[in-house]
Each structure stands twice: as structure tokens, then as C-alpha cells.
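For reference, the structure discussed in these notes is given below.
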């Protein structure tokens, strides 16, 4: 399975584990389902939404800019991947 946000998901998992939070607790704080949060950590999905990122920052206590930079990089790689698949 293609995982466009895999590195970002791993980054969030490490931060979550540093705070000794379960996926369920993290999902609850973000007001999303646990299964959706699991997909985020796996790198399958990532909601590129300013409010979501600010919620993450508020309780996981990390630099948002680092996350945004990672997302931009992976988003551009994803666009390139899709372009290459479409126009082969």
C-alpha cells in the first residue's frame, strides 16, 4: 500500500510515545476516531488543516514548523508520484 505521509506519521508516533499517550487518548484529544488517527500514524492519511496541526501542537508540545516542513516535502513527493503514475 502506498503511504504518502509515512515519515510524518512516524514523527507523530515518536512524539506521542514520548508523552506516554495511547493512540486512543491522542485521538480523543484531537476529537477524531482512533481508526482515523491510526491511519495518520501509518502515513495513509493526513488532514492538512491548520486547526488540526494547532491542536497537535497544543498538547504534544513540539515545533509546528517542523511538522509543516515535513508535510510540504511529503506532499510534493506525493504529487510527483501521482504525476508519474498518470503519465507513464
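Please state which of the following conditions residue 4 fails to meet, knowing it meets all the rest: (1) in contact (Cβ under 8 Å) with a residue 60 or more places away in the chain; (2) assigned to a helix (DSSP H, G or I); (3) buried (at least 17 other Cβ atoms within 10 Å of the Cβ). Exception for residue 4: condition (2). Of all positions in the stretch 21-39, none carries a residue that is in contact (Cβ under 8 Å) with a residue 60 or more places away in the chain and surrounded by 16 or more Cβ atoms within 10 Å (Cβ to Cβ). Under the condition of being exposed (fewer than 10 other Cβ atoms within 10 Å of the Cβ) and not in a loop (DSSP other than H, G, I, E, B), the residues counted in the stretch 51-64 number 1.
Close contacts from the stretch 70-82, counting a first residue that is farther than 17 Å from residue 40 by Cβ and a second that is loosely packed, with under 12 Cβ neighbours inside 10 Å, with Cβ to Cβ under 8 Å and a gap of 6+ residues or different chains, come to 81/2.
A search for C-beta distances below 7 Å between a residue of the stretch 45-64 that is on the phi < 0 side of the Ramachandran plot and any residue that is in a loop (DSSP other than H, G, I, E, B) and exposed (fewer than 15 other Cβ atoms within 10 Å of the Cβ), counting only pairs 6+ apart in sequence or on different chains, returns 60/19.
Those residues that are on the phi > 0 side of the Ramachandran plot and more than 13 Å from the chain's Cα centre (by Cα), I need them from the stretch 2-44; list them, please. Matches in the stretch 2-44: 20, 31.
Rule-based calculations on the coordinates, nothing more; no lab input. Model, not experiment: these values are computed from the prediction. Cβ: placed from backbone, ideal geometry, glycine included. Neighbour counts: every protein chain shown.
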